[in-house]
Amino acid sequence: MRRLLATLACALAGAAAAEDVLHLYNWNNYVSEETLARFEAACRCRVKQDYYSDNEEMLAKLEAGAEGYDLLVPTGNAVESLIRRGALRPVDKPLLANLGNLKPEYRDPWYDPGGKYSVPYATSITLIGYNREKLRELGLPTDTWALIFEPRYLERIKGKVTVLNSQRELLGAAMRYLGHSVQERDPARWAEAKAVILRAKPYWAAFSNSTYIKDLAIGNIWVAHGYSNDMFRAREDAKAAKRPFTIGFTTPKEGAVLAVDGFVLHKSGRRPDLAHRFIDFMLEGRNAADVSNLIGAGNPNAAAMPFVRPEIAAEPAIFPPAADLERLEMLRDFDPALRRTLSRLWTEIKVR
Amino acid sequence: MDERREALEAGSRWKRWLVAGPPTAFLLAFFLVPAIIVVVASFREPGEFGGLVPLAAGAAAFSAEAYRFVLGDIVYAEIFAASFAVAAVTTVACVALAYPLAWLIARSPRRRRDLLVLLVILPFASNFLVRIYAWIMLLGPANLLYTPFAVIAGMVYVHLPFMVLPLYTNLEKHDPALLEAAQDLGAGAWTRFWRVTFPLSLPGIWSGSALVFIPVLGMFAVPELLGGTGDVLIGNLIKEQFLDNRDWPLGSALSIGLTLAVLALAGLAAALSRRGLKGTGAVS
Amino acid sequence: MRRRAQWLLWGASLAVYAFLYVPLAVVVIFSFNDSLLNAEWVGFTLSWYRKLLADEEMLAAAGNSLAIAMLSSALATVLGAMAGIAMQRWRLPWLPLLVLTPVAMPEILLGVSLLLFFRQVLDLTLGFFSILAAHVTFSIGFVAVIVRARLAGMDEGLFEAARDLGATPWMTFRRVTFPLILPALVAGFLMSFTLSIDDFVITFFVAGVGVSTLPLQIYSMIKVAVTPEVNAVSTLLMALTLTMVLAATRLAPDILRRGR
């Protein structure tokens, strides 16, 4: 009985203190602990994070009734979807003194005209990460999707490759490899992509959205389809653990998916004021630079560039040069009918 | 005397509802009604943003499309078959591994027996994810991660205690006089085991098998964490529909399929263990 | 039994025990490993435990797990005891079916049906209460079986004697039934507690986001941030459930013997 009362008391105390808590629903490893600690000290509040590793996962959980998040960090196509659903609160621009720090090309994105609902935070490219030494030894190319789709290459790395467990990303990679757009509407072309994937699937070790970071860093896996910032992390982890190899990552020459992730305010969030303070804090040059220096993400913030480490700013997979930008596409959500078709296609890919 | 019994009967009727009522109400609400919802959900279209078209849309939104999709392609039957195969292999492996343990426990003196049983249950006291993680740690360096072997090893590891306990409970009840009689009649050790002990232990094997086979059918965590691209089982498919793909009708249809499979198996297990008991009157 | 067969039996049994314990020993040992990647042994450290105890998310999840386990076990014990008594005393054909089927079904089916129920029918935000209701649902059957088994072993004459001596049904329950089933109630409570603390699959479906339990934390750690912190929390969780199981077997040694 006593214990029950104690638990209830704690819960109540917790509820009272919840007043000064910012609820953030974010990608794994997308805000460094140091940055968070600095914000918590500055605002004298707490930040509580929950994580997802895929936009679809986040949208599925929101669909299942997840509530109370002040901030989400969706990718462009997910932002569009959330706006259409009416799930977002518009950004109160006067509250964001540092909004002018954003690079001009990010201020009026196609998925959020006028930047009414979202504030870009980081960019990443979905590409191939690899064990440099191992691939050099095997004489395999590192700048093409063929590395994960062609049996003649896959034979030499069988069981040492993982791909993303994401419908749009994996199908998108196959589409680019075949020379089509990731926004293709012709079902026949999607069937081609499915065929390419099924042909390569027996050589892949697993579908993985996040375990590949550790697997690459340890050396269990030699090639991984994943996000540029995760590959950066794998590279840093391998270096820190003094592994006898280095991790490289390259944007494939056939083209790839570019993701722009930004902060949005969910309607069910209880502290929009804290949310705005957080966004403004992250728009400051020094704090914005953290996302590049500590996480290896691309940066839409002009004021951050002076603070970004030169070797990271020079990394083409993180800050793509103008030539690369032509080959990069952003994902857009499809209409329900095509979405259903793709979703069933994805199920087939999993089961065959 | 009759009046008294009548009074007791009348009294006991409302007493019956008083005692049986609350658990019944709770389970009707949180078990039966949800089960019916799954059936209803399987006959609907997915909603615009995933999930379902709202149930309130009524009969107008009826659609057997999910079933047409599942039944229209042999590959879903193949996944069910693969899940059955994995469950079968796991069960057989569990029987093989559990038998020596169960026999040892059954034949040990009373005090040691409790200790031995405890030693079997203790690993079960660890969280099941921890047990899977243990295998991730062991198989990674051995290059056996993301293989079918990893999936089977994980399944067996998680379910082994469920086979040991019913088996030892059964073996404990065997009359040693039977084996002595067999020995007197000239039967060798293997014959004694195969002709006497094993048939008598069948009810225990059936109980244990039910406790292993049915849960394994629905598992998704083991294939997801230990399995490779070809090791997708029905549990993974169902989980993906609900938590990744947001295609709830398809997930519900697959769940109904799994439920029917499980009910058929449970019925089979019950029939078999009843027959086993009838045929072996020697079990005390 | 002949000597060689005896050795064979002991050998095989020890091999199986080793199969059961070696993986867990590895988890425990590597919780003290001074290496982020935890691929090979580097050195001894307690830092992961220190990190664990300072990890707010982990502590919140632990708190949730304990609170949910306590409340759901209490409710499941009461409802399960009622079900067990009813199953033993009266011939109600639907009751055993209703009570025991949740136990026999694969957990994923329970998880999925509850997810649909909470979202589509109740429009409930998934969180603490959805997890609580789910845990009670699967625990009732376990408690009911334990209580019924205990009652089955008791002498009907005790209840008749109480009635003949003029006891009301309530008095019979309070003075005769309750004390006799008390060990079964305690064992049932501990069993439900362990099941609740350990549950992953059903909780995974009905937890939504925001409320986490220890198994859910472990799962996301295994998938994402696999540091030896996972080993540390696993070791502590093992120690907790070990204590529970030992306590249960001390108080109700019958459950070991009944087998189920």
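Ignoring everything except DSSP H segments at least 4 long, calculate the 222 nm mean residue ellipticity for chain C; use -39,500 (n - 2.57) per segment, divide by total residues, nearest 500. The partial results should precede the final answer.
Working: 13 runs with 194 residues, N = 260.
That comes out to -24500 deg cm²/dmol.
Given the options C:Asp199, C:Asp164, C:Asp55, which has the most mean-square fluctuation in a GNM of chain C, springs set between C-alpha atoms less than 10 angstrom apart?
Fluctuation is largest for C:Asp164.
For q values of 0.11 Å⁻¹, compute log₁₀ I(q)/I(0) with the Debye formula on a Cα-only model of region C:48-257, without solvent.
Taking Cα atoms of region C:48-257 as identical point scatterers yields -0.60.
Once you put a point 7 Å from the Cα of A:Ala191 and another 7 Å from the Cα of A:Ala37, both along the Cβ direction, what distance in nm separates them?
Going by the 7 Å Cα→Cβ label model, 5.7 nm.
In sequence order, what are the phi-derived ³J(HN,Hα) couplings for region C:112-117 according to the Karplus relation 6.51 cos²θ - 1.76 cosθ + 1.60 with θ = phi - 60°, rounded to whole Hz, with x for glycine and proline?
4, 5, 5, 4, 4, 4
HN-Hα J couplings of region A:46-52 from phi, Karplus 6.51/-1.76/1.60, θ = phi - 60°, integer Hz, Gly and Pro as x?
10, 10, 10, 10, 10, 10, 9
Suppose only helical runs count, i.e. DSSP H with n ≥ 4. What mean residue ellipticity at 222 nm does that imply for chain B under -39500 (n - 2.57) per run, divided by all residues and rounded to the nearest 500 deg cm²/dmol? Mind showing how you got there, number by number?
Working: 13 runs with 207 residues, N = 284.
Result for chain B, helices only: -24000 deg cm²/dmol.
Quick check on my link table: of C:Lys51/C:Lys223; A:Lys214/B:Lys239; A:Lys48/C:Lys223, which ones sit more than 22 Å apart, alpha carbon to alpha carbon?
Pairs exceeding 22 Å: A:Lys214/B:Lys239.
Could you compute the net charge surrounding A:Gly255? Neighbours are other residues with a C-beta less than 14 Å from the C-beta of A:Gly255; K and R count +1, D and E count -1. Display every interim value, and only then the final one.
On the way: positive: A:Arg176, A:Lys253, A:Arg327; negative: A:Asp143, A:Glu169, A:Glu184, A:Glu254, A:Asp324, A:Glu326, A:Glu329.
Around A:Gly255, the charge tally is -4.
How do B:His159, A:His266 rank when sorted from fewest to most other Cβ atoms within 10 Å of their own Cβ?
Ascending Cβ contact count within 10 Å gives the list A:His266, B:His159.
So, in Å, what gap is there between the alpha-carbon centers of region B:142-192 and region C:155-195?
37
Give me the angle, in degrees from 0 to 90, between the Cα long axis of helix C:178-198 and the longest principal axis of the Cα atoms of chain C, rounded to the nearest 10.
30
Can you run phi through the Karplus equation (6.51, -1.76, 1.60; θ = phi - 60°) for region B:188-197 and list ³J(HN,Hα) in whole Hz, with x for Gly and Pro?
x, 4, 5, 4, 4, 5, 6, 8, 10, 5
Under a crude label model (7 Å from the Cα following the beta-carbon direction), how far is B:Phe62 from B:Ala181 in nanometres?
6.2
Which FRET efficiency, nearest 0.05, do A:Arg309 and A:Arg270 yield, Cβ-Cβ r, R0 45 Å?
With a Förster radius of 45 Å, E is 0.75.
What length, rounded to one decimal in nm, is gained on full extension from C:Val42 through to C:Leu14, with 0.36 nm per residue of separation minus their alpha-carbon distance?
On the way: separation 28, 0.36 × 28 = 10.08 nm, distance 3.00 nm.
That works out to 7.1 nm of additional length.
Report the net charge of residues surrounding A:Val47, where surrounding means a beta-carbon distance below 13 angstrom and charges are Lys +1, Arg +1, Asp -1, Glu -1.
-2
What are the equivalent ellipsoid semi-axes of region C:1-130, built from the alpha-carbon gyration tensor (square roots of five times its eigenvalues), in whole angstrom, biggest first? The partial results should precede the final answer.
Working: eigenvalues 310, 200, 42 Å².
In descending order, the three semi-axes are 39, 32, 14 Å.
With point charges of +1 on the Cβ of Lys and Arg and -1 on the Cβ of Asp and Glu, referenced to the Cα centre of chain A, which listed residue (A:Tyr212, A:Leu99, A:Tyr52) lies farthest in the positive direction of the dipole?
Working it through, the farthest residue towards the positive pole turns out to be A:Tyr212.
Once amide H atoms are built 1.01 Å from N in the peptide plane, which residues 5 or more positions from A:Leu102, or in another chain, come under 5 Å H to H?
A:Ala302
Can you pull out the trypsin sites (Lys or Arg not before Pro) in region C:27-117 that DSSP calls coil and that have at most 12 other Cβ atoms within 10 Å?
Answer by residue number: C:Arg91.
In 20 Å bins starting at zero, report the fraction of Cα pairs in the protein assembly as shown per bin as a rounded %.
13, 44, 32, 9, 1, 0
For region B:73-280, what is the convex hull volume of its Cα atoms per residue in Å³?
In region B:73-280, the Cα hull volume divided by residue count equals 143 Å³.
In region B:59-133, which chymotrypsin sites (Phe, Trp or Tyr not before Pro) are in a loop and have at most 15 other Cβ atoms within 10 Å, using DSSP for the loop call?
B:Phe62
Please name whichever of B:Leu144, B:Val86, B:Tyr157 sits farthest to the positive end of the charge dipole of chain B, dipole taken about the Cα centre and charges placed at Cβ: Lys and Arg +1, Asp and Glu -1.
The listed residue farthest towards the positive side: B:Tyr157.
Of the cross-linked pairs A:Lys134/A:Lys158; A:Lys134/A:Lys350; A:Lys158/A:Lys350; A:Lys160/A:Lys350, which ones have a Cα-Cα span greater than 25 Å in the structure shown?
Listed pairs above 25 Å: A:Lys134/A:Lys350.
Of A:Glu105, A:Glu40, A:Glu57, which is the most mobile in a GNM of chain A whose springs link Cα atoms less than 10 angstrom apart?
Comparing A:Glu105, A:Glu40, A:Glu57 in the GNM, the peak value goes to A:Glu105.
Pop the C-beta distance of C:Phe129 and A:Glu326 into the FRET formula with R0 = 45 Å and round what comes out to the nearest 0.05.
With R0 = 45 Å, the Cβ-Cβ based efficiency is 0.30.
If you take the charge dipole of chain C about its Cα centre, with +1 on Lys and Arg Cβ and -1 on Asp and Glu Cβ, which of C:Leu109, C:Ile197, C:Gly157 is farthest toward its positive end?
So the residue we want is C:Gly157.
Where the centre of each part is set by its Cα atoms, how far does region A:207-255 sit from region A:16-82, in angstrom?
Between the Cα centre of region A:207-255 and that of region A:16-82, the gap is 25 Å.
For A:Phe263, what residues show an amide H to amide H distance below 5 Å, using hydrogens built from the backbone and excluding near sequence neighbours?
Amide H neighbours of A:Phe263: A:Val119, A:Tyr121.
Among C:Val121, C:Val186, C:Val145, whose mean-square fluctuation peaks in a Gaussian network model of chain C (Cα, cutoff 10 Å)?
Checking each option, the largest mean-square fluctuation is seen for C:Val121.
Averaging sequence separations of C-alpha pairs under 8 Å and six or more residues apart, then dividing by the length of chain B, give the relative contact order as a whole percent.
About 27 percent, as a whole number.
Run the helix sum for chain A: -39,500 (n - 2.57) per DSSP H stretch of 4+ residues, divided by residue count, reported at 222 nm to the nearest 500 deg cm²/dmol.
Calculated at 222 nm, the ellipticity per residue is -12500 deg cm²/dmol.
Hey, how many Å between the Cα centroid of region A:94-150 and the Cα centroid of region A:260-291?
A separation of 19 Å, based on Cα centres.
If R0 is 60 Å, what FRET efficiency do you get for B:Arg107 and C:Glu160 from their C-beta distance, rounded to 0.05?
So the FRET efficiency works out to roughly 0.90.
Please report, in debye to the nearest 20, how large the charge dipole of region C:91-183 is about its Cα centre when each Lys and Arg carries +1 at its beta carbon and each Asp and Glu carries -1 there.
I would put it at about 80 debye.
Read the figures in this text as sums done on the coordinates, not as results from a lab. Computed from a predicted model, the values in this text were never measured in an experiment. Neighbour counts are summed over all protein chains in view; Cβ atoms, including those assigned to glycine, are modelled from backbone coordinates with ideal geometry.
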